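Heads up, the thing below is written out as structure tokens.
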Amino acid sequence: MPHQHHDGCGHESHDHDHDHDHDQSNLGFQDNLYIHIDRQNVMALNAVGNAPDIIKPWHARLDEAQFLEIILRLKAMLLKAGPEGQTPAKISLFANHDSLDFDDIADKTPTQEFDVPPNREIGEYSLKTAKFSNVSHITVFVPASQGADTSRIYYLGFLGTWSQHKSQPIITVYEAQANLADHEKIQGMDGTWTTPGH
């Protein structure tokens, strides 16, 4: 159904009698999938915080008021985590495995797995596009923190392209039991971690 276009200032687009520039840097990535994620069906098991709250629009990416604290535990994934020992040691992604539980995850090989460097910036984690080419359901698994009893995730986003499916895409975030063993310094995903915009 056709809809009336509104600009970012809340009024209809038409000729203005003043100059009107928008800061394009606040729009984020053109292929950010935020508006297509079914946030009502995002859930976290055994975690403190509201899981949909960390699936944020780009302009709220640095806001740390809302976070998901996990109890001790496409094209790209965006992640802001930390601080210090509360950074996840790694992130495991499972594509198109519906209704996974902890026993299922233990028996399955992740579609892709990343070491997470202890960095407070938003990192962009490159996905193997051949393995994430037709994703309708993605499970994010956090096996342990980098030493603390909990892990924190402030922002989780996905970049890619979107097409209409019969069922809505769902993201599930799982955590594992505490692993307090010392971790070696995380180097970060074999060079696939970058800071967006750099």
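The condition (being at pLDDT below 85, surrounded by fewer than 22 Cβ atoms within 10 Å (Cβ to Cβ) and over 23 Å from Met43 (Cβ atoms)) is satisfied by just one residue among Ser99, Ser133: Ser133. Every condition in (1) under 17 Å from the mean Cα position of the chain (by Cα); (2) not in a strand (DSSP E or B) is met by Asp98 except one, and the failing one is (1). If you go through region 37-87 and pick out every residue that is among the polar types (S, T, N, Q), in contact with a helix residue (DSSP H, G or I) (Cβ under 9 Å, 6 or more places away or on another chain) and within 28 Å of Lys128 (Cβ to Cβ), you end up with 1.
Does any residue of region 78-94 turn out to be assigned to a loop (DSSP other than H, G, I, E, B), crowded, with 16+ Cβ neighbours inside 10 Å and at pLDDT 90 or above? Checked against the condition, which is being assigned to a loop (DSSP other than H, G, I, E, B), crowded, with 16+ Cβ neighbours inside 10 Å and at pLDDT 90 or above, region 78-94 yields at least one hit. Among the conditions (1) crowded, with 18+ Cβ neighbours inside 10 Å; (2) among the small types (Gly, Ala, Ser); (3) in a loop (DSSP other than H, G, I, E, B), the only one that Ala148 does not satisfy is (1).
Asn119 - would you say it is crowded, with 16+ Cβ neighbours inside 10 Å and assigned to a loop (DSSP other than H, G, I, E, B)?
Yes.
Does Glu69 satisfy the criteria of being of a type in the set (Asp, Glu), modelled with pLDDT of 90 or more and either in a strand (DSSP E or B) or surrounded by fewer than 14 Cβ atoms within 10 Å (Cβ to Cβ) (or both)? Before you say what the answer is, go through the steps one by one.
On the way: of a type in the set (Asp, Glu): yes; modelled with pLDDT of 90 or more: no; either in a strand (DSSP E or B) or surrounded by fewer than 14 Cβ atoms within 10 Å (Cβ to Cβ) (or both): yes.
Here the answer is no, as Glu69 does not meet what is asked.
The values are calculated or read from the model by the stated rules, or taken from the named source; none is laboratory data. These figures come from a predicted structure and were not determined experimentally. Note that we place each Cβ from the backbone using ideal geometry, even for glycine, and neighbour counts take in every protein chain shown.
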